[in-house]
1. Please state which of the following conditions Glu64 fails to meet, knowing it meets all the rest: (1) open to solvent by less than 90 Å² (accessible area, probe 1.4 Å); (2) in a strand (DSSP E or B); (3) at negative phi.
2. Do we find that Val6 is on the phi < 0 side of the Ramachandran plot, surrounded by 10 or more Cβ atoms within 10 Å (Cβ to Cβ) and modelled with pLDDT of 90 or more in this structure?
3. Would you pick out the residues in segment 103-113 that are open to solvent by less than 100 Å² (accessible area, probe 1.4 Å), in contact (Cβ under 8 Å) with a residue 24 or more places away in the chain and of a type outside the set (D, E, K, R)?
4. Name, by its number, the condition in (1) polar (S, T, N, Q); (2) open to solvent by 80 Å² or more (accessible area, probe 1.4 Å); (3) in a helix (DSSP H, G or I) that does not hold for Thr71.
5. Would you confirm whether any residue within segment 86-102 is assigned to a loop (DSSP other than H, G, I, E, B), surrounded by fewer than 11 Cβ atoms within 10 Å (Cβ to Cβ) and either in contact with a strand residue (DSSP E or B) (Cβ under 7 Å, 6 or more places away or on another chain) or among the aliphatic types (A, V, I, L, M) (or both)?
6. If Gly15 satisfies every condition in (1) part of a loop (DSSP other than H, G, I, E, B); (2) at pLDDT 65 or above but one, which is the exception?
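The values are calculated or read from the model by the stated rules, or taken from the named source; none is laboratory data. This one's a predicted model, so the numbers in the text were calculated from it and none came from an experiment. All Cβ positions, even for glycine, are placed from backbone atoms using ideal geometry, and neighbour counts span all protein chains on display. Surface areas here come from the heavy atoms of the whole protein model, side chains and all, with no ligands, DNA or RNA. Shrake-Rupley method; radii C 1.70, N 1.55, O 1.52, S 1.80 Å.
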Amino acid sequence: MGKVWVLDTETKGTGANMVRKPPAAAEPLHVPPKPRPRPAQEPEPAPPRRFKVVDVMTREALAEDASTRDTVDVLKGVRSIVDVNLYVWEPTRDDWRMLTLDEKRTVWTFRDA
């Protein structure tokens, strides 16, 4: 092993002395074991989206628990995107969530396709 030199900065003034330091006692190196691979769990397939379409003026449900295709078919009979509220069923919350305007626009684009 080579010599270990340490710069001694405890001197006052402009000079510094080089001091040879004996090697420190080597500590045993700890290498953690490799992690065991976890078994791959396949995610459950997501259930198909369910939608609810509600007329804004009358608060009448135009479609409830409808598939995406049925929702798009209902939207074909609607004059404007702001005439209805669209909701999607969230199984994790066990509740209907109103779609944002951007999400509504995305569904609306399928109406004209």
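1. The number of the failed condition is (1).
2. Details: on the phi < 0 side of the Ramachandran plot: yes; surrounded by 10 or more Cβ atoms within 10 Å (Cβ to Cβ): yes; modelled with pLDDT of 90 or more: no.
Taking the combined requirement at face value, the residue does not satisfy it.
3. Our first condition is that a residue be open to solvent by less than 100 Å² (accessible area, probe 1.4 Å); within segment 103-113, this holds for 103-104, 106-109, 111.
Keeping just the survivors that are in contact (Cβ under 8 Å) with a residue 24 or more places away in the chain gives 107-108, 111.
Scanning segment 103-113 gives Val107, Trp108.
4. Result: Thr71 fails condition (2) only.
5. Looking only at segment 86-102, we keep the residues that are assigned to a loop (DSSP other than H, G, I, E, B), and these are 91-94, 99-100.
Narrowing further to those that are surrounded by fewer than 11 Cβ atoms within 10 Å (Cβ to Cβ): 91-94, 100.
If we keep only those that are either in contact with a strand residue (DSSP E or B) (Cβ under 7 Å, 6 or more places away or on another chain) or among the aliphatic types (A, V, I, L, M) (or both) too, we end up with none.
No: zero hits.
6. Tallying (1) part of a loop (DSSP other than H, G, I, E, B); (2) at pLDDT 65 or above, Gly15 fails exactly one: (2).
Yes/no matrix, rows are residues, columns are (1) touching a residue at least 12 places away in the same chain (Cβ under 8 Å); (2) hydrophobic (A, V, I, L, M, F, W, C):
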| position | (1), (2) |
| --- | --- |
| Gln41 | no, no |
| Glu44 | no, no |
| Pro48 | yes, no |
| Ser67 | yes, no |
| Ile81 | yes, yes |
| Asp94 | no, no |
